[in-house]
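Below is one structure, written out as structure tokens, with a few remarks after it.
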Amino acid sequence: MEVTAEHSTLEMTTRWGESARFTYLKHSQGSDKLAVVFPGLTYKLDAPLMWYATKAAFAAGCDVLGIEYGFQANRSSIEPRDISDVADEVAVSLEQFFHVTPYQQRVFIAKSLGTTISDLVLQQLTLPVRNHVYLTPLPQTIPFMQEAENILVVVGDQDELFDSSDIAQISNRTNVRLHVIPQANHLLEVDEDYNLSLKILRQVTTLCGDFCISLR
């Protein structure tokens, strides 16, 4: 059966001024699975890892909701104290969306700062999200990763923001599917080696797709 997609945009009012826009990619034939994609600080939805994670999730049968933060829509800088406001805005919108558009299974796919935001958002939602994909997470999300019901974590062993001591805290946990990519930095790339970087991108995309196929 040919898989066809419906594209739409949802707008979210933000304290930064212009509305943020969530991209909604929906299977025309319907789906009971939803992937919500949380980008990084400057690593937006059209950046390679986010772009192909979206494609992989959709190919795995998920509808996909891509998050744009208010500060991104307005090309604004933010301070650490602003992160809770970002999460609050996203949580309000997602809570409304989940109740209007129910799904049996939900997965959060997050990159870097997006892992922190998705963690804060989850604390405010009334509906459960049991499945998570963390790409280059930040250290402050380690307690969540240690307790998450089902989580895929992908990090490079040269990630300047998540070092070997951080990796050790989530290693050997039955709830964590951990993949440490040799030579990869915080972008899951290898400097000056685009061929290896592309190979890693393919690997991470496959990991995301396989995880979305096997949602619990």
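Just the residues that are assigned to a helix (DSSP H, G or I) and of a type in the set (A, V, I, L, M), please, taken from segment 182-216.
We begin by selecting, within segment 182-216, every residue assigned to a helix (DSSP H, G or I); these are 194-213.
Listed by number, the residues that qualify are LEU196, LEU198, ILE200, LEU201, VAL204, LEU207, ILE213.
Going through segment 20-47 one residue at a time, which ones are of a type in the set (S, T, N, Q), surrounded by fewer than 16 Cβ atoms within 10 Å (Cβ to Cβ) and over 15 Å from the mean Cα position of the chain (by Cα)?
Once the filter is applied, which keeps residues that are of a type in the set (S, T, N, Q), surrounded by fewer than 16 Cβ atoms within 10 Å (Cβ to Cβ) and over 15 Å from the mean Cα position of the chain (by Cα), segment 20-47 yields SER28, GLN29.
With respect to GLU192, determine if the residue is modelled with pLDDT of 95 or more, of a type in the set (D, E, K, R) and surrounded by fewer than 19 Cβ atoms within 10 Å (Cβ to Cβ).
Answer is no for this residue.
Show the residue pairs that are 6+ apart or on different chains and have beta-carbon atoms under 8 Å apart, the first residue being within segment 11-24 and without any contact (Cβ under 8 Å) to a residue 12 or more places away in the chain, the second being among the aromatic types (Phe, Trp, Tyr) and crowded, with 16+ Cβ neighbours inside 10 Å.
Note: pairs meeting the criteria are GLU11/PHE22.
Give me a count of the residues in segment 42-78 that are at pLDDT below 95, small (Gly, Ala, Ser) and in a loop (DSSP other than H, G, I, E, B).
Number of matching residues: 2.
Residues PHE97, PHE144: which one is more than 15 Å from the chain's Cα centre (by Cα) and either surrounded by fewer than 23 Cβ atoms within 10 Å (Cβ to Cβ) or farther than 24 Å from GLY17 by Cα (or both)? Give the derivation first.
Numbers: PHE144 fails: more than 15 Å from the chain's Cα centre (by Cα).
Exactly one of PHE97, PHE144 is more than 15 Å from the chain's Cα centre (by Cα) and either surrounded by fewer than 23 Cβ atoms within 10 Å (Cβ to Cβ) or farther than 24 Å from GLY17 by Cα (or both), namely PHE97.
Looking at (1) in a strand (DSSP E or B); (2) among the charged types (D, E, K, R); (3) over 27 Å from PRO102 (Cα atoms), can you tell me which one ARG81 breaks?
(1)
Within the bounds of segment 48-67, is there any residue that is surrounded by fewer than 17 Cβ atoms within 10 Å (Cβ to Cβ), in contact (Cβ under 8 Å) with a residue 40 or more places away in the chain and out of contact with any helix residue (DSSP H, G or I) (no Cβ under 9 Å at 6 or more places or on another chain)?
Taking every residue of segment 48-67 in turn, none turns out to be surrounded by fewer than 17 Cβ atoms within 10 Å (Cβ to Cβ), in contact (Cβ under 8 Å) with a residue 40 or more places away in the chain and out of contact with any helix residue (DSSP H, G or I) (no Cβ under 9 Å at 6 or more places or on another chain).
Cβ contacts < 6 Å: first residue of a type in the set (A, V, I, L, M), restricted to segment 201-212; second residue surrounded by fewer than 20 Cβ atoms within 10 Å (Cβ to Cβ), any location; separation 6+ or different chain. Result?
That search, which allows pairs on different chains as well, returns LEU201/PRO48.
Looking at ILE109, ILE170, ILE151, which one is touching a Cys at 6+ places or on another chain (Cβ under 7 Å) and surrounded by 13 or more Cβ atoms within 10 Å (Cβ to Cβ)?
ILE109
The values are calculated or read from the model by the stated rules, or taken from the named source; none is laboratory data. Remember, it's a predicted structure, so these values are computed and weren't measured experimentally. Every residue, glycine as well, gets a Cβ built from its backbone with ideal geometry; the counts of neighbours run over all protein chains shown.
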